[in-house]
Amino acid sequence: MLRTVCLTLRKPATKLLVDGGSNKSKLVTEGLPIVRPIHTRTKPRITPPPKIKSSQSDHTASISPFGWGLLIIPATTFGLGCWQVYRKQWKEQLISDLERKIHLAPVPIPDDLSELNGMEYETVTVRGQFLHDQEIHLGPRACIQHGDSHTTGGLFSQKEASIGFLVITPFKLEGRDDKILVNRGWVPKRFLEPESRPHGQVTGTVELNGVVRLPENRPQFTPKQRGAIFMYRDVEKMADARGTSPYFIDATASSTVPHGPVGGQTRVTLRNEHMSYIVTWFSLSGFTTWLWFRQIVRGKSF
């Protein structure tokens, strides 16, 4: 930076003097002050440069291995969300297949009973006789009120429908030695014993439709089978206990008779809560990703 400085100097001044005796003149110089500008260089006042914030790449480069490891949380929850999308599609296809099978026209029971293993939820027609003296029970169960079956039997009130048992009766097929298990339907607890519902014990040759059911795995926390009442559909043990073939059908609602078990106790609806799981996992993935970016990448705290 240049600064102008005014420097005062004394400059000689010239005067003319006249000598009267000799008629000669003299020049007399006198010092007079003069001002002369002088340019000097001074040290400039320097303004400090503004603070430069570190770039995003600097933050990324400073992330520790532990910080990168925390990405496992959003990545895992995102993967679980994708898996639930697949599970939802699979469950919807399964429900569609069950609905299609349950509405197929009834077919005669095959001569080879082993074919029933590939016909779950399909309806078959059987003809023969019930062996009422060998019936067993499955429960406790709530009544599935399918159509108007809950009014046909006339056994129970709405209050009683919350607890009861399924009546499983051996059924001897007409014209052959094979016997199978037939779930005749639901009865309230007060009509559990056959003697309490004599009019509902159908005798003679009958023809009915039934939905093929496969053995059921023992539910978690369900105790093992003890006594005459089964707690889940253990077809093998039921068949061994009554000397029948290990095949099981649920009688349809049309088999219901007055004062007898209420048929149509086949539950074909499956739980499909995968959409809520999808929302949960993807929400957790998005939230943990934002949290990781805020805490680890930007270094901000709450």
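Side notes on the structure shown:
- Failed criterion for Tyr232 (all others in (1) open to solvent by 70 Å² or more (accessible area, probe 1.4 Å); (2) of a type in the set (Ser, Thr, Tyr); (3) touching a strand residue (DSSP E or B) at 6+ places or on another chain (Cβ under 8 Å); (4) not in a helix (DSSP H, G or I) hold): (1)
- Every residue from the range 201-218 that is assigned to a loop (DSSP other than H, G, I, E, B) and open to solvent by 50 Å² or more (accessible area, probe 1.4 Å): Thr203, Thr205, Pro215, Glu216, Asn217, Arg218
Yes/no matrix, rows are residues, columns are (1) open to solvent by 50 Å² or more (accessible area, probe 1.4 Å); (2) touching a residue at least 24 places away in the same chain (Cβ under 8 Å):
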residue: Gly185; (1), (2): no, yes
residue: Pro223; (1), (2): yes, no
residue: Ala239; (1), (2): no, yes
residue: Thr252; (1), (2): no, yes
residue: Met275; (1), (2): yes, yes
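- Test: residue in the range 116-125 that is under 42 Å from the mean Cα position of the chain (by Cα), open to solvent by less than 100 Å² (accessible area, probe 1.4 Å), aromatic (Phe, Trp, Tyr) and modelled with pLDDT of 90 or more: yes
- Any hit, the range 260-283, residues being under 18 Å from Ile102 (Cα atoms) and assigned to a helix (DSSP H, G or I): no
- Residue match in the range 153-169 (condition: at pLDDT 75 or above, touching a Ser or Thr at 6+ places or on another chain (Cβ under 9 Å), crowded, with 23+ Cβ neighbours inside 10 Å and not aromatic (Phe, Trp, Tyr)): no
- Any hit, the range 245-262, residues being within 13 Å of Thr169 (Cα to Cα) and among the aromatic types (Phe, Trp, Tyr): yes
- Hits in the range 102-131 (condition: in contact (Cβ under 8 Å) with a residue 24 or more places away in the chain and of a type in the set (A, V, I, L, M, F, W, C)): Ile102, Ile109, Leu113, Leu116, Met119, Val124, Val126, Phe130, Leu131
- Verdict on Arg184 being touching a Pro at 6+ places or on another chain (Cβ under 6 Å), of a type outside the set (S, T, N, Q) and not in a loop (DSSP other than H, G, I, E, B): yes
The values are calculated or read from the model by the stated rules, or taken from the named source; none is laboratory data. No experiment lies behind these values; they were computed from the predicted model shown. Virtual Cβ from ideal backbone geometry, glycine too; neighbours counted across all protein chains shown. Calculation scope for accessible area: heavy atoms of the full protein, side chains included, ligands and nucleic acids excluded. Shrake-Rupley method; radii C 1.70, N 1.55, O 1.52, S 1.80 Å.
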